[in-house]
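The block underneath contains the structure these notes are about, expressed in structure tokens.
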Amino acid sequence: MGLLGLSACAPPESPQWIHLARVLPAGAGDLRQTLELEAHGLQVRLEPAPDGAWMSTEIRREDWEWREGMGLWGADVPIQGVGIPPDGSPPQRLLADGVERRHFPISQYTRTTELEPGSFLTRRGRILLRVADGEEPPRSARLSLYVARGRRGAEAWRVRGQRFSGEGFSVWPGETWSVPVRLVAPCELRFATCVEPGLEEGGVGGQVRFVVEVDGETVFEHVEESDRPRSAWHAVSLPPKSGPVEVGFRVEGPWASTAFLAPVVVPKTVPEQSRRPDLIVFLADTFRADNLAAYGGTLDLTPHMDRFAESSLRFRRAWSVATRTLPAHASLLGGVFPRQAGVRGASEALPEELVTVAEVLSRAGYRTGAVTDSVIVSQKFGMDQGFEWFDEEHGTFESTLERVRSFLDADDGRPVFLFIQSYRAHTPYVASDETRKSVGARLGLEGEYEDWSERLKHEVLRSDAPDLDSELARGIIAQIERHYRAGVHDLDRGFGQLEAELGERGLLDSGYFVVTSDHGEAFREHDALYHGGRVWEELIRIPLLATGPGLEPGDVQRPVSLVDLPATLVAWAGLPRPSEWVGRPLLAGEDARAVFAFQCWREPSASTVAVIDGGRKLIGSEDLETLASEGAYFAFDLEADPRELDNLLESHPSWQGSLVEESLGALEVLMAPLYGTRAAELDPEKRAQLRAMGYGD
């Protein structure tokens, strides 16, 4: 069984590096035939589908068991799907006794949910089916789950996995892909092998064998276990000849989701040439600016980041564009404001038409990679766009460091753009044993965050009119904040290790390193908790620190926005920014201008916007008609009142009306979509991950 990609020998993108995922022609990655496989004792069929395949298995009458407590019939089926079909149809199908049954999303199911007769859902390797009263389970049934594999993007084939995504080929067991290429000796092939289990957790894995051939001769073999997500980088010497060859990629073994990622032909000797600077961005998710001494922090919980701030260029007046992760990342990666990017709520993905900073840098010869904690910062939300390598896994900071090292170890001579994101300071807050010993007593840390969160939910928030200012609420929220600050201390320890790693590799000597956040967190200030609420300073003020060639330690007082970061990165790389980007380089020397930040709920009428002009700040409705007719809700002098305690509207400041009027034209532009809305691919696994992090459906 094989799959052959036919192409004329394509010249390399540059005289030196040949990206094989950009050579393969459109259509070459389609599954051309049904594959018969065995998985966990089940006979499995993989049948062609757009951008993937349908994985099907039969369920016999004797496989069904009555689940008394649920009132449902169930059967163990440990295969698992990946992603959703491109047309948005349900990713699961059940044909029972010749009748198509209705799929019920697991994200909407609770123990009290009453499924309609004839409907089904899948949950943790099981299928659950509701039949009519008195009806027996089906005599024969076939369950089919969609498995995404990848597709031809605008410039390259892209892999779509649960953890790994990027440029490359989803070559599954039983398949071979062949790519014609013209070699210039001496050279080698660099790539990563990736495997993700084809079974639900608890299923039996197996060994898969990755093979690379050149003109039919094996030049590489690698065996990997498929019991959990794994990746490994490889460098393979190619035959010492120049001219056209055919490179074949093959996988053998039991069913698993397997891929060759970032396959690039690299010269063994990199010629002397003008090299663009390395660019590394570290984003501490949900990190308040006042965690750091440079931004007014007094708790002394971030010694490593404070030392870094002392030696960096500090943008003292930096604001995010939003109070939540998804819209903020749309801007810091895409250079436009959230609604311009079509991100209006919690379930949109970055549009493919949006030009991301990773795409600009990749086209200019950068090796682009991202190491994230997944959840929102995921390929499901389009965050991988333009990244040659995108590795998302919600784990410890130690695992983040391991993944960063793995990517950097695979250096192939190109300049690097690396984006690193951590949820270490995000709910559910976790205080490590080391942090409890070092600062637990000083913080007054007690118990576990989950216990305090449950107390808040059941003893305070369950009320129709919860009083966050009550003695009970203040005590609970104080403990919740202490757990947050403990997470900040843990993150700082990890940052110290990351900075040391980058320093040892010399990346901080000749490259640029940016440290920032996407938004803050609220703890009863302005009667708010966590994030996503109104655009108060505790949610939108962020740290923004940078080191690199020509950047002297010091303070920049000019107001700046997170939307300016992409333009800054491409400017440091000596590249022009895309015309549609509204952000501008942080050090362009242009005149100060107003900064905008959005609450960015789906409906503008339920959302707020901040307008910051110098030291003046307004908060009003995101609905521009309401803002124009009613004016702002709040007005503050941030220099005199940084905590926003004195609403100046009561004294009718003369500047309130004029600032609203001056801002309406800009806001109309910044809120107008530039692209169509694209839905995020929220499969059951992703929805469960979102709920575990505190994100509702």
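Read-outs: derived from the displayed coordinates by stated rules, not from any lab. Keep in mind that what you see is a predicted model, and the values were worked out from it rather than measured. Virtual Cβ from ideal backbone geometry, glycine too; neighbours counted across all protein chains shown.
Packing, as the average of other Cβ atoms within 10 Å across residues, places the peptides 478-490, 64-76, 632-644 in the order 478-490, 632-644, 64-76, highest first.
So, in Å, what gap is there between the alpha-carbon centers of the stretch 352-417 and the stretch 487-518? First find each Cα centre; the distance between them is then 16 Å.
What is the packing order of peptides 465-475, 354-364, 545-555, taking the mean over residues of other C-beta atoms within 10 Å and listing the highest first? Walk me through the numbers before you get to the answer.
Values: 465-475: 12.5, 354-364: 22.4, 545-555: 14.3.
Output ranking for 465-475, 354-364, 545-555: 354-364, 545-555, 465-475.
The charge dipole of the chain, taken about its Cα centre with unit charges on the Cβ of Lys, Arg, Asp and Glu (plus for the first two, minus for the last two), comes to roughly 1240 debye. Using a simple spin-label model with pseudo-atoms 7 Å out from Cα toward Cβ, residue 437 and residue 605 lie 5.7 nm apart.
Summing -39500 (n - 2.57) over the DSSP H runs of n ≥ 4 in the chain and dividing by its residue number, what mean residue ellipticity at 222 nm do you reach, to the nearest 500 deg cm²/dmol?
Details: 12 runs with 129 residues, N = 697.
It comes out at -5500 deg cm²/dmol, rounded to the nearest 500.
Placing +1 on the Cβ of every Lys and Arg and -1 on the Cβ of every Asp and Glu, with no other charges, gives the stretch 131-191 a dipole of roughly 360 debye about its Cα centre. Karplus-derived 3J(HN,Hα) values for the stretch 239-246, using 6.51 cos²θ - 1.76 cosθ + 1.60 with θ = phi - 60°, are x, x, 9, 9, x, x, 9, 10 Hz; glycine and proline are entered as x.
Treat every Asp and Glu Cβ in the stretch 391-488 as -1 and every Lys and Arg Cβ as +1, leave all other atoms uncharged, and give the resulting dipole magnitude about the Cα centre to the nearest 20 debye. Present the calculation step by step, with values, prior to reporting the outcome.
On the way: 13 positive and 21 negative charges, 71 e Å.
So the dipole magnitude of the stretch 391-488 works out to roughly 340 debye.
To check you understand DSSP bridge types, tell me what percent of the beta bridges within the chain (both residues inside) are antiparallel, rounded to 5.
Values: 119 of 149 bridges.
Of those bridges, close to 80 percent are antiparallel.
Bridging of residue 437 to aspartates and glutamates at a Cα separation below 15 Å is possible for 446, 448, 490, once same-chain residues fewer than 8 apart are set aside. Look at the dipole of the stretch 35-147 built from charges on Cβ: of 120, 44, 137, the Cα furthest out on the positive end belongs to 120.
For the peptides 387-395, 176-184, 135-143, what is the packing order when you average, over each peptide's residues, the other Cβ atoms within 10 Å and list the highest mean first?
Details: 387-395: 23.0, 176-184: 19.6, 135-143: 16.4.
The densest-packed peptide leads the list: 387-395, 176-184, 135-143.
Put +1 on the Cβ of each Lys and Arg and -1 on the Cβ of each Asp and Glu in the stretch 529-609; which of 570, 582, 559 then has its Cα farthest toward the positive end of the dipole? Checking the options against the dipole of the stretch 529-609, the answer is 582.
For residue 241, a cut-off of 30 angstrom between C-alpha atoms picks up these lysines, skipping any fewer than 8 places away in its own chain: 268. For residue 44, the residues whose amide H sits under 5 Å from its own are 37, 38, 39, ignoring neighbours fewer than 5 places away on the same chain, with H placed 1.01 Å from N.
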